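The values are calculated or read from the model by the stated rules, or taken from the named source; none is laboratory data. Quantities reported herein were computed from a predicted structural model and do not represent experimental measurements. Cβ atoms come from the backbone with ideal geometry, glycine included; neighbour counts cover every protein chain shown. In case anyone asks, the SASA skips ligands and DNA or RNA and just uses the protein heavy atoms, side chains included. Shrake-Rupley method; radii C 1.70, N 1.55, O 1.52, S 1.80 Å.
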Amino acid sequence: MSAKVVLITGTSSGIGLESAIAAARAGWTTVATLRDPNRADALRDAADRAGVTLDIRQLDVTDPASVSAAIEGTLADHGRLDALINNAGAGHVGTIENESVEDVRRVMEVNFFGVVAATKAALPHLRASGGRLITVTSVGGVVGQPFNEAYCAAKFAVEGFMESLAPVVGRLGVTVSVVEPGAVATEFVTNIGLDPEQLFAAAGEYAEPLRNYVARTQGQFANAAQTPEQVAVTVIDALTAERPPFRLQTSEWARTFTGTKLADHDGSAVLTLTDAYLG
Ligand code: NAP
């Protein structure tokens, strides 16, 4: 039987890059997508070092034509799609009084509608293969974090979307999981493109709590962050476990933190409840 095929979004760096390498190592035909093919060097180098082959393709989750082209191209070349890993995402720091509704909409475009678009395009093929739909959300998809209103709203939206979808497509053979990391040492913070001093200067009456939040977050990233390789282990668990749970935290810290909110750590109680609505 030919190897199973997984498509991953946002593999130019971080969790997506390491998940692509780990999936290929685990024997999957791995379609590693990135929005800008000129940013594929780190991915290619990592694949060379690991001695694995990747099928690298362009996919910008905010561009419907590129989502369709990557997924249809995968089907044309590999004949099947067994898993989609929605990993692409981007952070955002701010508070609503100091930003526009348009700013919030942009955060939703990448982190929420991007996931919706890739999921919609992949689902017919995942139904055909009895496949897996995995999305990297965040502990911020469960617990709202200060100065992360737009980002957490988008990640909450993704979690709600996937929790609603899981029992429905589960009836047709597709397994849905969300992966919830805490702080991870990737390009994530740099990619937000913040100049803290500029941010504080523009924060008005919010400057002091914002300073405190940024200092605490910097400490967390310096002292308690996971590596993207560690997070990729959980992503691959979701991909390969016989019966992965709906909700997977990537560390004990993330489990305790989300547990502050969730008594139902792995999502099985909610899904058992909502699945029963379907008769
Ligand atoms: P990262 O190194 O910044 O990786 C993010 C990836 O998403 C990059 O490859 C980036 O591509 C890609 N991306 C951004 N916008 C895109 C778009 N429109 N279309 C396609 N790809 C796009 O950060 P990371 O930590 O690995 O983040 C991966 C996922 O983990 C994200 O969903 C993030 O929200 C989540 N997460 C991260 C942390 C953390 O602390 N790092 C914690 C919890 C959850 P470019 O190179 O082109 O920008």
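For segment 1-103, which GluC sites (Glu not before Pro) are in a loop by DSSP, counting at most 10 other Cβ atoms within 10 Å?
On the way: sites: GLU18, GLU72, GLU97, GLU99, GLU102; in loops: GLU99.
For GluC sites (Glu not before Pro) across segment 1-103 that sit outside H, G, I, E and B with at most 10 neighbouring Cβ atoms in 10 Å, the list is empty.
Could the peptides 45-54, 135-144 be put in order, highest first, of the mean number of other beta-carbon atoms found within 10 Å of their residues?
On the way: 45-54: 14.4, 135-144: 23.6.
With the highest mean Cβ count within 10 Å placed first, the list reads 135-144, 45-54.
So, with a 1.4 angstrom probe, what is the percent of accessible area on the chain that is carbon and sulfur? Before the final figure, lay out each step's value.
Details: 7030 of 13230 Å².
About 53 percent, which is the carbon plus sulfur part of the accessible surface.
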- Hey, in the GNM for the chain with a 10 angstrom Cα cutoff, which one of ALA201, ALA40, ALA117 fluctuates hardest? ALA201
- Query: Setting aside same-chain residues fewer than 8 positions from LYS261, which lysines have a Cα under 28 Å from its Cα?
  - Reply: LYS155
- Estimated distance in nm for a label pair at GLU252 and ALA269, the labels positioned 7 Å out from Cα along Cα-to-Cβ: 2.3
- Task: Report relative contact order for the chain in percent, whole number only (criteria: Cα-Cα under 8 Å, sequence separation at least 6).
- Result: 18
- Message: With a 1.4 Å probe and all protein chains left in place, how much accessible area per residue does the chain have, in Å²?
- Response: 47
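Given a Förster radius of 30 Å and the C-beta distance between ALA26 and ALA76 as r, what FRET efficiency does 1/(1 + (r/R0)^6) yield to the nearest 0.05?
Numbers: r = 24 Å, r/R0 = 0.80.
E(calc), rounded to 0.05, equals 0.80.
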